[in-house]
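Reviewing the structure listed below.
The values are calculated or read from the model by the stated rules, or taken from the named source; none is laboratory data. All figures in this text were calculated on a predicted structure; none of them were measured in a lab. Neighbour counts are summed over all protein chains in view; Cβ atoms, including those assigned to glycine, are modelled from backbone coordinates with ideal geometry. For accessibility, only protein heavy atoms count, side chains too; no ligands or nucleic acids. Shrake-Rupley method; radii C 1.70, N 1.55, O 1.52, S 1.80 Å.
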Amino acid sequence: MELGAFSVSLAVADLSASVAFYRKLGFEVTGGDDEAWSIMVNGSNVIGLFQGMFESNILTFNPGWDGPGQESAEFADVRAIRGHLVEQGIEPVDDNTVDSESGPAHIALVDPDGNSILIDQHR
């Protein structure tokens with residue numbers, strides 16, 4: 001099962017300080033609103049910085065992307081991924097896939113150690 005591009009979404013206290021720090025590590029801003037969130041890329045590495053949006057860090061997968069904002073020709077829709085996970089006994093803790101048959105949607109999971117996982121489809 002292909003989950004799409006992987007990134008880490010970090011809950012940060014001060015967006016501008018975090019952006020400045022990750023720039024020093026070679027990351028470049030590729031998206032965001034400069035107030036609450038920023039997406040940064042260094043090669044194939046992607047981090048999302050989110051101020052006041054999440055309580056903790058999140059492992060993020062983006063079906064339909066095969067790299068930093070690069071669309072893949074074919075991909076497993078998040079609804080199919082959800083169906084597979086439910087068959088495996090994994091129930092989403094947040095699920096907005098039930099209201100639509102296609103297009104953008106997401107599911108959120110929590111692993112056995114309490115780590116948050118977001119499968120977030122933008123297309």
Lone unmet requirement of (1) out of contact with any Leu (no Cβ under 6 Å at 6 or more places or on another chain); (2) in a strand (DSSP E or B); (3) under 30 Å from Val86 (Cα atoms) for Gly31: (3)
Top-ranked residue in the range 65-85 [being under 12 Å from the mean Cα position of the chain (by Cα) and in a loop (DSSP other than H, G, I, E, B); ranked as farthest from Asp113 (Cα to Cα)]: Gly69
Counted residues, the range 96-111 - those being modelled with pLDDT of 90 or more and either exposed (fewer than 11 other Cβ atoms within 10 Å of the Cβ) or touching a His at 6+ places or on another chain (Cβ under 7 Å) (or both): 2
Candidate set from the range 1-28 (those that are in contact with a Leu (Cβ under 9 Å, 6 or more places away or on another chain) and in a strand (DSSP E or B)); member that is surrounded by the most Cβ atoms within 10 Å (Cβ to Cβ): Val12
Selection count, the range 43-95, where residues are open to solvent by less than 50 Å² (accessible area, probe 1.4 Å) and of a type in the set (S, T, N, Q): 3
Some residue of the range 45-52 being assigned to a strand (DSSP E or B) and under 14 Å from Arg123 (Cα atoms): no
Candidates Ile107, Ile39, filtered to the one that is in contact with a helix residue (DSSP H, G or I) (Cβ under 7 Å, 6 or more places away or on another chain), assigned to a strand (DSSP E or B) and among the hydrophobic types (A, V, I, L, M, F, W, C): Ile107
